[in-house]
Structure formats: structure tokens, C-alpha cells
1. If the cut-off is 22 Å between C-alpha atoms, which lysines fall inside it for LYS79, apart from same-chain ones fewer than 8 positions away?
2. Which of GLN65, GLN12, GLN46 moves the most in a Gaussian network model of the chain with Cα springs under 10 Å?
3. Sort ILE70, ILE36, ILE19 by Cβ crowding within 10 Å, fewest neighbours at the top.
4. I need the fraction of alpha carbon pairs in the chain separated by more than 21 Å, rounded to a whole percent.
5. Can you give me the Cα centroid spacing of the stretch 1-72 and the stretch 80-113 in angstrom?
6. In deg cm²/dmol and to the nearest 500, what is the mean residue ellipticity at 222 nm of the chain if only DSSP H runs of at least 4 residues count, each as -39500 (n - 2.57), divided by the residue total?
7. Given 10 Å bins starting at zero, what is the percent of C-alpha pairs of the stretch 51-102 in each, up to the one with the largest pair distance?
Amino acid sequence: MVHGPKPRDYSQRTPKKMIAAALRGALSDRARNGRIHAITELVEGQNPSTKSARAFLASLTERKQVLVVIGRSDEAGAKSVRNLPGVHILAPDQLNTYDVLRADDVVFSVEALNAYIAANTTTSEEVSA
């Protein structure tokens, strides 16, 4: 055929502002229902302990799916919860709408919460005449 059908890609990129608005909406929904928790540290000390992390998360929430957002420098916390079923670990710069909506509860470390807030807030300086 001379002018036969050709495959086309009709996919479109989602705008960055829409992606950010969806994440803000998902986090505000979790906060409105009291399903966001901020903690100082997941496990005490520098030694990873899955047993203590499981007990701590069980005392925090009884829901099945938990999203834990911790800083990249917290290796003991990451090692403690990475093998627990129903627990998903993310760094604050990897936080996305899908994981927030999929999780029943979101647990932020204070370090990760401050990093997320600092990365996603814009400072507007007032200019006086």
C-alpha cells in the first residue's frame, strides 16, 4: 500500500503542576483523616531491628498498608522495615501520589518531613517600592 495505516503514539505528558496538585491533594486527604504520622526515629540507636520496628508500627497503626518516608541517611530505619510485609519505604524526593493513595497510613520521619516541605515550598519575597 502506498498510504497505508501507520502506528501513532497518542500519549500525552501530565503537566508538572497537575502532578504536584495530585500529591498535595492525596497528602491533605490523609492528614484530614488523621492517617499521617510524624516520628523522631523509627528504631532507637544505630542498630537495625525489624522486631522493634514492627512493634513500633503496630503501636502506631493497625492498618495493613503503611508508607514509611525516611531520609536517605537513616540506614538503620530502612533496614529495619524493608522486610516487613505491607510496608513500603520511600525517600522524600521519591514521594508520589500512587504510593500515598495505595497506603492506608503514611509515616514520616521528622528529617524526611522537613526535607519534603523544604523541597516543595516556594519562598516568595515581597518587593517594596
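1. LYS79 reaches LYS51, LYS64.
2. GLN12
3. On the way: ILE70 27, ILE36 19, ILE19 13.
Listed from fewest to most nearby Cβ atoms, that is ILE19, ILE36, ILE70.
4. On the way: 4001 of 8256 pairs.
Across the chain, Cα pairs with separations above 21 Å total 48 percent.
5. Each part reduced to its Cα centre gives a spacing of 5 Å.
6. Values: 5 runs with 52 residues, N = 129.
One gets -12000 deg cm²/dmol as the mean residue ellipticity at 222 nm.
7. Going out from 0 Å in 10 Å bins, the stretch 51-102 shows 24, 57, 19 percent.
Values quoted throughout were computed directly from the atomic coordinates according to the rules given, and no laboratory measurement underlies them. From a predicted model like this one, the values you see are computed outputs, not experimental measurements. For neighbour counting, all protein chains shown are included, and Cβ atoms are generated from backbone atoms with ideal geometry for every residue, glycine included.
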